[in-house]
Amino acid sequence: MTSAIVHIFPCLKDNYGFLLHDPSTGETAAIDTPEAGKILAEADAKGWKITQIWNTHWHPDHAGGNAEIVAKTGAKVVGPKEVDRIGAAPDRIVSEGDTVEMGALKATIIETPGHTLGHIVFHLADQKIAFVGDTLFALGCGRLFEGTPGQMWDSLGKLRALPDDTVVYCAHEYTASNAAFALSVDAQNADLVAYADDVRAKRAQNLATVPTTIGKEKRANPFLRADDQKLQAFVGHAGDAVATFAEVRERKNNF
Ligand code: ZN
Ligand code: FE
């Protein structure tokens, strides 16, 4: 089995760009297109040719670079239909359970409505990799611009069900502020305290906190723990995961 290479690099203010490379065929996908020039330059520096773009959602810091990269490389765009809100419709529109192939690599589509209604995640099960866009962040989750708390809680539940050793590529470096917030609702969680210490040390050296793993997030991320009894009690919604999730999300908005 081929082993995928993921090249991660900062884009814009706090986004990450990702290039997914299949060394067995040389094919490369840009996961979202926050900054076309930077992504093209990073691919060039690696000697990789971008053959596909995989979009997680329509926001400009995720699909805004599509047109320029397509013009320069002829890459085919795979994504949810909503990408047509800011430009051309994807060459291939995908939905729940679809398989996307690039070289010898294969991803399954997981629909995760909440941040936007069409948001999708690319899960490469045999590589133990997930590109989660703005659905799940290290110690956080995306804002609910279009969906409801119930929808987002269900979406995060699908990600939480992935194997613990799944490597999670989140699209933003928000972890330091997410950690500070998480401690405000779940301070007694020893896994969170240790995780937050590690984040502080990494950010002090300007190191990335992405990728993370499903296992780490399950233990420490309050947005994956809305069914935890202590967290529910702390925010005043014992026995109600959706209300707890909604309350935690609302508190984060105002943190
Ligand atoms: Zn977004
Ligand atoms: Fe974003």
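Read-outs throughout are calculated quantities, based only on the coordinates presented, and are distinct from any laboratory measurement. Remember, predicted model here, so these are calculated numbers, not experimental data. Glycine gets a Cβ as well: all are built from the backbone with ideal geometry, and neighbour counts include every protein chain shown.
In this structure, does Ala125 turn out to be away from ligand 1 (no atom under 11 Å from the Cβ) and either buried (at least 24 other Cβ atoms within 10 Å of the Cβ) or at positive phi (or both)?
Considered against the rule, which asks whether it is away from ligand 1 (no atom under 11 Å from the Cβ) and either buried (at least 24 other Cβ atoms within 10 Å of the Cβ) or at positive phi (or both), Ala125 comes out as no.
I'm checking my understanding of the structure. Among residues of the stretch 168-181 that are touching a residue at least 60 places away in the same chain (Cβ under 8 Å) and either in contact with a Cys (Cβ under 7 Å, 6 or more places away or on another chain) or aliphatic (A, V, I, L, M) (or both), which one is farthest from Val193 (Cα to Cα)?
Step by step, filter the stretch 168-181, then rank; the result is Ala171.
Look at Lys158 and say whether it is under 15 Å from the mean Cα position of the chain (by Cα), without any contact (Cβ under 8 Å) to a residue 60 or more places away in the chain and away from ligand 1 (no atom under 16 Å from the Cβ).
Answer is yes for this residue.
Considering only residues that are out of contact with any helix residue (DSSP H, G or I) (no Cβ under 7 Å at 6 or more places or on another chain) and in contact (Cβ under 8 Å) with a residue 60 or more places away in the chain, which ones fall in the stretch 108-120?
Listed by number, the residues that qualify are His119, Ile120.
So, in the stretch 92-107, of the ones that are in contact (Cβ under 8 Å) with a residue 24 or more places away in the chain and within 22 Å of Pro23 (Cα to Cα), which residue ends up surrounded by the fewest Cβ atoms within 10 Å (Cβ to Cβ)?
Per the stated criteria, the residue is Ala104.
Could you run through the stretch 54-86 and say how many residues are buried (at least 18 other Cβ atoms within 10 Å of the Cβ) and within 16 Å of ligand 1 (Cβ to nearest atom)?
16
Under 7 Å by Cβ, and 6 or more places apart or on different chains, what pairs join a residue from the stretch 132-149 that is among the polar types (S, T, N, Q) with one that is more than 10 Å from ligand 1 (Cβ to nearest atom) and in a loop (DSSP other than H, G, I, E, B)?
Filtered contacts from the stretch 132-149: Thr135/Thr112; Thr135/Gly114.
Please note which helices (runs of 4 or more DSSP H) are completely contained in the stretch 1-117 and include at least 3 residues that are hydroxyl-bearing (Ser, Thr, Tyr).
Hits in the stretch 1-117: none.
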